[in-house]
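> Below is the structure I would like to discuss, written out as structure tokens.
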2 protein chains.
Amino acid sequence: MPTPYEAPLAMMRLALDQARTGDTDGALETDAVLEAAARFARDVLSPLNSAGDATSSQLTAARGVVTPEGFGEAYRRFCADGWTALSVPQELGGQGLSVLLGAAVTEIWGGANLAFAMCPESAAGAIEALRLHAPAAIRERYIPPLVSGRWAAAMDLTEPQSGSDLSTLRTMARPDGQSWLLTGRKIFISWGDHDLAENIVHLVLARTPGAPPGLKGISLFVVPKRLPGERGLAPNDIQALSLEHKMGIRASPTCVMALGEGGGARGWLVGPQHGGMACLFTMMNQMRLGVGLHSTGVAERAWQLARAYAQERLQGRDSAGAQRPIVEHADVRRMLLTMKTLTHAARCLAYTAAAALDIQAERRAALLTPLVKAWCSDVAVEVASLGVQVHGGMGYMDDSEISQVYRDARIGPIFEGTNFIQAQDLLGRKVIRDDGAALEQLLGEMEHAAHRLRDHRGSRSAVELATLAASLLSEVSLLRRAARRLIHSHGAQPDLASAVAYPFLQWLAVVAGGWQWALTALQALEHEPADDSAGALVLGARFYATHILPRARAHAAAVEGGADVVASARPAQL
Amino acid sequence: MPTPYEAPLAMMRLALDQARTGDTDGALETDAVLEAAARFARDVLSPLNSAGDATSSQLTAARGVVTPEGFGEAYRRFCADGWTALSVPQELGGQGLSVLLGAAVTEIWGGANLAFAMCPESAAGAIEALRLHAPAAIRERYIPPLVSGRWAAAMDLTEPQSGSDLSTLRTMARPDGQSWLLTGRKIFISWGDHDLAENIVHLVLARTPGAPPGLKGISLFVVPKRLPGERGLAPNDIQALSLEHKMGIRASPTCVMALGEGGGARGWLVGPQHGGMACLFTMMNQMRLGVGLHSTGVAERAWQLARAYAQERLQGRDSAGAQRPIVEHADVRRMLLTMKTLTHAARCLAYTAAAALDIQAERRAALLTPLVKAWCSDVAVEVASLGVQVHGGMGYMDDSEISQVYRDARIGPIFEGTNFIQAQDLLGRKVIRDDGAALEQLLGEMEHAAHRLRDHRGSRSAVELATLAASLLSEVSLLRRAARRLIHSHGAQPDLASAVAYPFLQWLAVVAGGWQWALTALQALEHEPADDSAGALVLGARFYATHILPRARAHAAAVEGGADVVASARPAQL
């Protein structure tokens, strides 16, 4: 009795309404896209999820990396239905839908089958990088097959000595006529080789001869698995040496890639020589938002599995002696509400970041991207763990999908820049270096929502939500003060700022989640739908106010009083 | 370069000193036992941990359950060295050491190899149940081989329909002369079958003919895998039908047990007919404390692995351009300190519960047991997750031991009564039904320690610790008030109490952890050792005060204002 993933269309529509910044997509179009994505996720991707985990992708001598049964056919249909092209501009052969609507669909893929979803997400990042940075000839050759999905993409960044800190990269590219020959070894390359597409477009970071040391000497290259030419595709000198055995996302092949074992993998520059890091960030921002969206889907999936189990599993009796489903037990309700309210807050925040991209609100997007990547992935880990807990002993068994969700979720805080890298980016670059401008705009919007909620009249629910409005106002003003202090004093002391970057991110995120629940509650109060859904939304907002938002106090204490103790700790004292 | 588990003897001695309630064990004896256990853990158990995870125990047609290579020899040496008999009274052939010292050793086993450690822990629970409840003939027959380790034990409680709620048990026992014949099926039986010992003593919950329904009709039976008789051991009608495939603790065989497929498994009553639940609680309390201790060991292990990795892994550069180990990065320090301070607090609290048993302080032990089981296991999950995070991408790979630790840790909050069962036990039975007496005594001790810390004079450290003392005093008084309110108002409304039981447990635990850090800081201030260790301890206490103890505010908010929203939620609103 497997429970297939069902896209939570009602909650997604609420989140879309809260985040929307323009009229890009029509309402009918939005519905059609969401419903089609929901069907594809339920009927095609979700049923492959458990088997993909059990089988994993395998590296074979004869056929390279072989994906689990069914993945090839699913990918073929995914491309045929146009999902690879959703938010790609129409002039590039895409469907030109908004980033926001694309974000909702990305969440759906992550919820149905995270391992699968990572593959098209890489292609989307590659299309964006090529579109903005590659010369015309490269764009014309590589973008169309990526848009159609005929070719896939992979990001080749990490090397054994070079993970969070890319300045120590060693992969070399030497000029050879109009192109380059690359040699080196890359690790942790997601979907670095596989049998879904006829070609794989690797975007590779490497150094050129005489390049300055460190990040300033890094260039970005496009290195196809197979070289396109007049007589079709010819092998290039890049191959998967081995696959990692991982805790989760096992259907997604994580490769060690060797470039140039036979002399050199042929590649072409993307963007200026030594300008690789700037081009990389185009991809990285896309990928980071993708992690946030996928993680939201994973959290949603955990909640669906837990709720279904809780409604079904009988344990304990009511006062009349009848057996009760565990959903009637108070603590199961508490866990399910924690899962649901965190997931919805994460979703709304991720969509808000996506919507900022639709109107080129660059500072807003830059501020929200690390917040979304880190918080949504942390939320997914927490929610998945609660999902296991609701299942009791069953949740610990390999044959229960929630145990896979728990393992899958754990990658989110690690890849595409660890969550601490996100926190440092948020506090260092997006708050301190920005002198708090984008943050202040965000806090102002939070205050505005809190005022609207506080001033709403006319129903019992409004009274019940007074706590949310009041806490939100209080947290916003404390956050504002703390940010001011960090900008003034810690800006000059990067170690102190670094020591509180993570609690600062958590504080801002949990308050932003409260802001989003305030907006959701306002939607419920203002539209007052006749069914039970408004009651559930008000309940969710109240729960967030009493059970989740107070975490702000703990994060704030670490920000306010905890920098020195961390910064002064010597390694021997740890 | 595997890092073997090293028992943290210095921190354990501090925790033992804080918890000790009497002079049971001599100092020399304590040292000798701890050092021998540390050696055994490092040299014998820890090296088997990863391989045991990779291999798992296997069910074979010819030989029943076969444990991973090396487990048999390790168990033989474990018994030969007398570890099965450590805290067993001398009159039963044990070594008669204190429960407290036994607790420290139990932590060590859990840290070195959790899957292995669960096996002798079951035997310890069985010895205790038999010693207190079984008739003399049973005691004489079963206890000596359990004490020597020649026989192992298992607890057969859960059935498919009957997990947290044992009232629906169906396994039947019908009288047959002086003994009973049992038929039924049990699931999730840890170490239910294996090849380590020549016999396995199952303690089985079952109903007798005509027994009253529900918990009042349950009896406890001893059912050996092999029947001891004059001509040696003869097969009994109980066998493992299958093994579960689990997320973690894979070397530990989790069995589906069939009793009476051939007519009836022969067993003998332990305790009075229909008195099974009382006998069960003897074992359960032992097992629950064991989970807390094992979980503490798991958390310690995660911290050791993370610290070793952080000292070794180079990433990023200092201002002079030299590569730095990641332990020098502020957020890695923050994570390591979170791991270390949570682990030490959990350890101290678990030892405090064990020490209460040494002086038969029964209400104290009853209050602390659920707190320890739940909080230590939650801490292990959190600390293991941080351990993965410190490892970055490496932490997600199967060949890094931290990924196993993360999977192993997740069982703690589930088995031996889910953590919500513990929370309900704590608030319902141990606080409300006790009218807060044992709690008040505990809170009084916390206040006493906070006063001592506040009034300590004479060093800069004392000033730095003022926040800890003040927060502790404030939290104790808020907890006292909240408990009073829960006793008075919610005692009559079990649904409301139930709705806040878990946040109440978390609140009390995190404050109790602060109490233990206050005691540790006092030890450091008062003894002022010449080396760096006092500085590290004061740093740990300060970190706990700024980064961990403030979580109390979030838990308190849920207790104070969150009952109604949980209790009033209808299933359709979740």
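> What are the label-to-label distances in nm, one decimal and shortest first, from B:S474 to the same spot in the other copies, with labels 7 Å along Cα to Cβ?
With the label placed 7 Å along Cα→Cβ, B:S474 yields 1.2 nm.
> Taking the label point 7 Å from Cα in the Cβ direction, how far apart in nm is A:P2 from each other copy of itself, listed shortest first?
Ordered by increasing distance: 3.5 nm.
> What residue in chain B has the Cβ closest to the axis turning B into A, and how close is it in whole Å?
B:R553, 2
> Right, here's the next one. Per q in 0.16, 0.19, 0.21, 0.25 Å⁻¹, report the Debye log10 I(q)/I(0) for the stretch A:402-498, using one uniform scatterer on each alpha carbon and no solvent.
Here log10 of I(q) over I(0) equals -0.83, -0.91, -0.96, -1.13.
> Taking other Cβ within 10 Å of each residue's Cβ, how do A:E29, B:E382 sort, fewest first?
Neighbour counts put them in this order, fewest first: A:E29, B:E382.
> For A:H329, A:H451, B:H344, which order do you get if you count the other beta carbons within 10 Å of each Cβ and list the fewest first?
With the fewest neighbours first, A:H329, A:H451, B:H344 line up as A:H451, A:H329, B:H344.
> Right, another one. Where does the protein assembly as shown land on Rg/Rh, using Cα atoms and the Kirkwood Rh?
Rg/Rh: 0.97.
> Further question on the same structure: Using 0.36 nm times the number of residues separating A:K216 and A:R174, minus their current alpha carbon distance, what extension gain do you get?
So the chain would gain 13.4 nm between A:K216 and A:R174.
> For the stretch B:34-125, state which trypsin sites (Lys or Arg not before Pro) are in a DSSP loop and have at most 13 other beta carbons lying within 10 Å of their beta carbon.
Here the sparse-neighbourhood loop sites are B:R63.
> Further question on the same structure: Under the classification rounded if a/c is under 1.5, otherwise prolate if a/b is larger than b/c and oblate if not, where does the stretch B:262-377 fall, given a ≥ b ≥ c as square roots of the Cα gyration tensor eigenvalues?
Here the stretch B:262-377 falls in the prolate category.
> Under 19 Å between alpha carbons: how many lysine pairs meet that in the protein assembly as shown, if sequence neighbours fewer than 8 apart on the same chain are excluded?
Lysine pairs meeting both conditions in the protein assembly as shown amount to 9.
> The stretch A:327-394: D in µm²/s via Stokes-Einstein (Kirkwood Rh, Cα pairs, 25 °C, 0.890 mPa s)?
Value of D from the Cα-based Kirkwood radius: 185 µm²/s.
> At a threshold of 8 angstrom on Cα-Cα distance, excluding pairs fewer than six apart, so keeping six or more, what relative contact order does chain B reach in percent?
It rounds to 13 percent for chain B.
> According to the square roots a ≥ b ≥ c of the eigenvalues of the Cα gyration tensor, what is the shape class of the stretch A:121-273, taking rounded for a/c under 1.5, prolate for a/b larger than b/c otherwise, and oblate for the remainder?
rounded
> Place the label 7 angstrom along Cα→C-beta at B:P235 and in each other copy, then list the distances from the first to the rest in nm, shortest first.
In nanometres, ordered from closest: 5.7.
> Here is a follow-up. Which angle between 0 and 90 degrees, to the nearest 10, do you get for helix A:9-19 versus the longest principal axis of chain A when only C-alpha atoms count?
Approximately 80 degrees, to the nearest 10.
> May I pose another question? Once you put a point 7 Å from the Cα of A:D17 and another 7 Å from the Cα of B:Q273, both along the Cβ direction, what distance in nm separates them?
Output for this residue pair reads 6.5 nm.
> Follow-up question, since we're still on this one. Place a +1 charge on the Cβ of each Lys and Arg in the stretch A:418-568 and a -1 charge on the Cβ of each Asp and Glu, then give the dipole magnitude about the Cα centre in debye, rounded to the nearest 20.
Using only the charged Cβ atoms, the result is roughly 300 debye.
> Cut-off is 10 Å between beta-carbons; in what order do A:K216, B:K186 appear when sorted fewest neighbours first?
Fewest-to-most ranking of A:K216, B:K186: A:K216, B:K186.
> Which whole-number percentage describes the relative contact order of the stretch A:418-568, with Cα contacts under 8 Å and a sequence gap of 6 or more?
30
> Now for a separate question. Given a Förster distance of 30 angstrom, what is the FRET efficiency for A:A234 paired with A:A136, based on the Cβ-Cβ distance and rounded to 0.05?
0.85
> If you take the beta carbon distance between B:D495 and A:D455 as r and set R0 to 45 Å, what does 1/(1 + (r/R0)^6) give as a FRET efficiency, to the nearest 0.05?
Step by step, r from the Cβ atoms, then E = 0.85.
> Sequence-distant or interchain residues sharing an amide H contact under 5 Å with A:R324, placed H: which?
A:Q315, A:G316, A:R317, A:D318
> Using helices alone, I'd like the mean residue ellipticity at 222 nm for chain A: each DSSP H run of four-plus residues gives -39500 (n - 2.57), total over residue count, nearest 500.
After summing the helix terms and dividing by residue count, I get -18000 deg cm²/dmol.
> Shifting gears a bit: Tell me, what is the percent relative contact order of the stretch B:15-155, built from C-alpha pairs under 8 Å that lie six or more residues apart?
So the answer I get is 25 percent.
> Over the Cα atoms of chain B, Rg to Rh with Kirkwood Rh, two decimal places?
Reported Rg/Rh, Kirkwood definition of Rh: 0.97.
> Okay, next question. Could you tell me the center-to-center distance, by alpha carbons, between the stretch B:395-424 and the stretch A:29-71 in angstrom?
Measuring centre to centre over Cα atoms gives 29 Å.
> Can you give me the long-range amide H partners of A:D195? Hydrogens built in the peptide plane at 1.01 Å from N, cutoff under 5 Å, separation of 5 or more residues or another chain.
HN-HN under 5 Å from A:D195: A:T67.
> Can you classify the stretch A:418-568 as rounded, prolate or oblate using the Cα gyration tensor, where a ≥ b ≥ c are the square roots of its eigenvalues, rounded means a/c under 1.5, and otherwise it's prolate if a/b beats b/c and oblate if not?
Because a/c hits 1.5 or more and a/b exceeds b/c, the stretch A:418-568 counts as prolate.
> On a 0 to 90° scale, report how tilted helix A:276-312 is relative to the longest principal axis of chain A, with both axes built from alpha carbons and the result rounded to the nearest 10.
40
> Taking θ = phi - 60°, what integer Hz values does the Karplus form 6.51 cos²θ - 1.76 cosθ + 1.60 yield along the stretch A:432-439, in sequence order, with x for Gly and Pro?
Calculated HN-Hα couplings, in order: 5, 5, 8, 6, x, 5, 5, 4 Hz.
> Of A:Q404, A:T418, A:I359, which is farthest towards the positive pole of the stretch A:340-427's charge dipole, taken about the Cα centre with +1 and -1 on the beta-carbons of Lys, Arg and Asp, Glu respectively?
Going by the Cα projections, it comes out as A:I359.
Values in this text are rule-based calculations from the coordinates and carry no lab data. Here the structure is a predicted model, which means the values were calculated and not measured. A quick note on method: Cβ atoms are made from the backbone with ideal geometry, for glycine too, and the neighbour counts reach across all protein chains shown.
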